[in-house]
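Scroll down for the structure; my scribbles are underneath it.
Every number in this text was worked out from the coordinates using simple rules, so none of it is lab data. Note that the structure is a prediction, hence the values are computed from the model and not measured. Virtual Cβ from ideal backbone geometry, glycine too; neighbours counted across all protein chains shown.
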Amino acid sequence: MDEWQPVETSPEGVTVMTKIDDERGVRNEQPLMRCRYLWWFPDRSMYTYYAPTHWRPLRDDPSHR
């Protein structure tokens, strides 16, 4: 599974690649971790003030992030 999935299907407690993709375009692509209804940076230092719309698994190759 490498294609973007709806955020409602994202695993909890796992860092995944996220993005917002809506009528305003694609933005905010970054790795985040979902914990209940909040999206956290992978180190859990801070949560985001937005909710992504899509997710996909992280790739091991840093050039694909």
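Hey, got the dipole for the chain? About the Cα centre, +1 on K and R Cβ, -1 on D and E Cβ, debye to the nearest 20?
Value, rounded to 20: 240 debye.
Taking 0.36 nm per residue of sequence separation and subtracting the Cα-Cα distance, how much length would be gained by fully extending the chain between Tyr49 and Glu29, in nm to one decimal?
Gain on stretching Tyr49 to Glu29: 5.8 nm.
Once you have a ≥ b ≥ c as the square roots of the Cα gyration tensor eigenvalues for the range 5-59, tell me rounded if a/c is under 1.5, and otherwise prolate or oblate according to whether a/b is larger than b/c.
prolate
So which GluC sites (Glu not before Pro) in the range 7-58 are both in a DSSP loop and have at most 11 other Cβ atoms within 10 Å of their Cβ?
Glu23
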